[in-house]
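The block underneath contains the structure these notes are about, expressed in structure tokens.
The values are calculated or read from the model by the stated rules, or taken from the named source; none is laboratory data. Because the structure is predicted, anything quoted here is derived from the model rather than measured. Here the Cβ positions follow ideal geometry from the backbone for every residue, glycine too, while neighbour counts run over all protein chains shown. What goes into the accessible areas is simple: the full protein's heavy atoms, side chains included, and nothing from ligands, DNA or RNA. Shrake-Rupley method; radii C 1.70, N 1.55, O 1.52, S 1.80 Å.
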Amino acid sequence: MSRSARLLDLIQLLRTYRRPVSGAALAQRLGISIRTLYRDIATLQAQGADIQGAPGFGYVLKPGFLMPPMMLSEEEIEALVLGARWVAARTDDELKDAARNALAKIAAVLPTDLRHELETNSLLVSARRPNVGTTDLSVVREAIRQGLKLDISYADINGRPTTRRIWPFALGYFEETRVLAAWCELREDFRHFRAERIASMTVTDVRVPRRRQHLLAEWRRVHNVKNDM
């Protein structure tokens, strides 16, 4: 375990105690020596943690201390790297650059040991991208962020062309395709549009009359979609 991760674990452990706990008990819980524990407590105190106590008397963490935002565990780093690599390999150029820039910014503020963990992470993803046709997904994402309606020319499952005015609110990144979830004014209901079947698309200057989070919540309820999707 890296030192940064160990410090984070120590803070989390101290938060579970309302009364002073002995250094020996903390060291045992963390699987470290008592000398290492004393050094770690001194480090946290130097970072601003209000840890009161002393050897032989026990330690307690007073409320209000927040760890520096980049004190991440190895598993959290792996999750970030894996997600960023998936985005860089499987999405459009704008999201690819955003993922790489985000990792670079995170690496710049990580402690040395955690930065090494990020830079040498060995979790890999496939570089195969799904077919999205000519649809510019960055335009779709911007329309969703701005809350603007889209006019699209679309081919249904049988290849028949249709035109729709839709209220986009979510974009699903699936293994084989990208799917735009929207309210369709023609059908007066929620519909899903595969990116590769959108022949053309125009962003209007007409604002969607409902907030995105409300549309998303209603769509989840109608389709019984879990909140973690």
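Here are a few things to note about the model shown:
- Summarising the overall dimensions of the stretch 79-229 from its C-alpha atoms, the Rg and Dmax are 17.8, 57 angstrom.
- Each Lys or Arg adds one and each Asp or Glu takes one away; over the other residues whose Cβ falls under 9 Å from the Cβ of THR91, this sums to +1.
- Extension gain from ARG100 to ARG191, taking 0.36 nm per residue of separation minus the Cα-Cα distance: 29.5 nm
- Comparing the stretch 1-64 with the 2.2 N^0.38 Å rule of thumb, its C-alpha radius of gyration ratio is 0.97 (two decimals).
- Charge dipole magnitude, Cβ of K and R +1, D and E -1 - the chain, Cα centre, debye nearest 20: 580 debye
- For VAL81, net neighbour charge (Lys/Arg +1, Asp/Glu -1) across residues whose Cβ lies under 13 Å away: -3
- Residue (of ALA143, TYR38, LEU14) at the positive-pole extreme of the chain, dipole from beta-carbon charges: LEU14
- The loop-placed GluC sites (Glu not before Pro) in the stretch 157-229, going by DSSP, that have at most 16 neighbouring Cβ atoms within 10 Å of their Cβ come out as GLU175, GLU176, GLU185, GLU188.
- In Å², nearest 10: area of SER22 left accessible to a 1.4 Å probe: 60 Å²
- Judged by the ratio a/c of the largest to the smallest principal axis of the C-alpha gyration tensor, the stretch 151-199 counts as oblate, that ratio being 1.5 or greater while a/b is no larger than b/c.
- Legend: translational diffusion of the stretch 125-214 by Stokes-Einstein, Rh = Kirkwood radius over C-alpha pairs, 10 °C, 1.306 mPa s; D = 119 µm²/s.
- Between ALA25 and GLN45, the modelled label-to-label distance comes to 1.9 nm, taking each label 7 Å out from Cα in the direction of the beta carbon.
- 222 nm mean residue ellipticity, helices alone, for the chain (DSSP H n ≥ 4; -39,500 (n - 2.57); rounded to 500): -13000 deg cm²/dmol
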